[in-house]
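The values are calculated or read from the model by the stated rules, or taken from the named source; none is laboratory data. The shown structure was predicted, so the numbers you read here are calculated from the model rather than taken from an experiment. With ideal geometry, Cβ positions are generated from the backbone for all residues, glycine too; neighbour counts draw on all protein chains shown. Note: areas computed on protein heavy atoms with side chains; ligands, DNA, RNA excluded. Shrake-Rupley method; radii C 1.70, N 1.55, O 1.52, S 1.80 Å.
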Amino acid sequence: MINFCQFGAGRIGAIHAANIARHPEARLGAIVDVDRDAATRLAERHGAVVASREAVLGDPAVDAVVIASSTDTHAELVEAAARAGKAIFCEKPLDLDSARAAGCVAVAQQCDAKLMVGFNRRFDPNFARLAEQLRGGRIGRLEVLSITSRDPAPPPLGYIRVSGGLFRDMMIHDFDMARWLMGEEPVEVFAAASVLVDPAIGEAGDVDTAIVTLRTASGALCQISNSRRAAYGYDQRIEVFGSLGALFAENVVESTVAFAGADGIVTDKPLRFFLERYAEAYRRELDHFISSLVRGTAPLTGGADGVKALALADAAFESAQTGRVVVL
C-alpha cells in the first residue's frame, strides 16, 4: 500500500485525489492547501485529513506526494519532497523558468527521488494505441506529425495573466507529445502567433492562436495548431503521415449516435473540455505512477521530459516574438 499526501485541492487536485482513492494499492492520507476549506472538503470526500506541509514531509509513513498546487509552488515542493525522501508526481509545468525547472530536477536526481511529470496525454487510450502502431512500423518511417489542440473557450483573464502564456501553459502538452511520438529531439522551431479570439488576451500579454513547426535532424516535421476557442467543443486530434501510410486519432464525441437526413448526417460534438476528454488518461497516469512505485520501475514521463518540453515552449515563444527560426 502506497501512502500519499497531496498538495492542492483545486480542479486538478480533485481528479488526482479521486484516482488515488480508487486505487487498491494506494491510500490518500492527507491534503495540503492554502485554502483550508477546499482542503477540508476534498479530504472529507476521500477519508483523508488536512495537514501542514511540514507535517506530511516529516511523516515517515508518507511514501509519495502529488503536487497539484499552483505552478509557482511546483519546483520548491519537488525539492522539499525529494529531500524528505518522498516519491513525487508533479503536474506540468515544473516551473515557468527553464533554469528553475532543471534545478529542481537536479535536486530530485541528487536525492535519488523518483519524479514523474504529469503529461497525461501519453496515457490517453487512443493516443497510446496510435503510438504503439507507429512504433510497430505500421506506417513505415514517420515523415509528418500533425497535432491539433483547441480549447472550447478561453480561460479567465486572471488565469491568462499568471499562466506563463499559451506556449508554456497549453502547447507544452503538445511539445511533449511531439517528442514522444517522433522519437527524436527537434533541432529547429518556428512559431507564428496571433490574437484572434479576444483582444483582452493580447492586452494581458499573451496570444490565443498559434502554429508551431518543429524539424528534427532526420528531416521529419511536426506541425502543432493551438487555439483558445473552438465553437464545436474540445478539439484534440493527431495525424501521423509516414512512408507506408497514415494513422489518425480523432476526437472523442459525446455519443456515437448520428442523425441522417436529406440535408446530411449530424453527429455529436467532441467532449466539452479536458476534464471529460482526458478522464481515462488521468486515471491511467496515476495508475502508471503507482505501478512504478510498486515495481520499482522508472515512470514514462520523468523530470527530463518536463525540462525538454519547457525548452521547446521557450523556443516557440522566442520564435513568435522575433519571427525567426530558433535552432536548438
**Prompt:** So which residues in the range 239-262 are closer than 22 Å to A153 by Cβ and surrounded by 10 or more Cβ atoms within 10 Å (Cβ to Cβ)?
**Reply:** E250, N251, V252, V253, E254
**Fill in**
G242 fails exactly one of (1) free of Cβ contacts under 8 Å to residues at least 24 places away in the same chain; (2) over 25 Å from the mean Cα position of the chain (by Cα), namely (1)
**Request:** Kindly check whether there is at least one residue in the range 271-290 that is open to solvent by 30 Å² or more (accessible area, probe 1.4 Å) and β-branched (V, I, T).
**Result:** no
**Item:** Residues satisfying the stated conditions in the range 150-178, i.e. among the charged types (D, E, K, R) and farther than 19 Å from L96 by Cα
**Value:** R150, D151
**Item:** Some residue of the range 291-298 being open to solvent by 80 Å² or more (accessible area, probe 1.4 Å), modelled with pLDDT of 95 or more and more than 19 Å from the chain's Cα centre (by Cα)
**Value:** yes
**Item:** Within the range 147-193, considering residues that are assigned to a strand (DSSP E or B) and among the aliphatic types (A, V, I, L, M), the one surrounded by the most Cβ atoms within 10 Å (Cβ to Cβ)
**Value:** A191
**Fill in**
By residue number, the members of the range 11-40 that are over 14 Å from L286 (Cβ atoms), out of contact with any strand residue (DSSP E or B) (no Cβ under 9 Å at 6 or more places or on another chain) and either open to solvent by less than 30 Å² (accessible area, probe 1.4 Å) or at pLDDT 95 or above (or both) are V34, D35, D37
**Request:** Could you check the range 216-306 for strands (runs of 3 or more DSSP E) lying wholly inside it with 2 or more residues that are among the β-branched types (V, I, T) and in contact with a helix residue (DSSP H, G or I) (Cβ under 8 Å, 6 or more places away or on another chain)?
**Result:** 235-242
**Asked** Just wondering, is there one or more residues in the range 76-90 that are within 25 Å of Y159 (Cα to Cα), out of contact with any helix residue (DSSP H, G or I) (no Cβ under 6 Å at 6 or more places or on another chain) and crowded, with 17+ Cβ neighbours inside 10 Å?
**Response** yes
**Message:** Criterion first (in contact with a Leu (Cβ under 8 Å, 6 or more places away or on another chain) and within 30 Å of V162 (Cβ to Cβ)) does A210 satisfy it?
**Reply:** yes
**Prompt:** Within the range 109-119, is there a residue that is farther than 28 Å from D206 by Cα, part of a helix (DSSP H, G or I), open to solvent by less than 10 Å² (accessible area, probe 1.4 Å) and touching a residue at least 12 places away in the same chain (Cβ under 8 Å)?
**Reply:** no
**Request:** Could you pull out the residue among A43, A61 that is at pLDDT 95 or above, over 24 Å from F119 (Cα atoms) and surrounded by 22 or more Cβ atoms within 10 Å (Cβ to Cβ)?
**Result:** A43
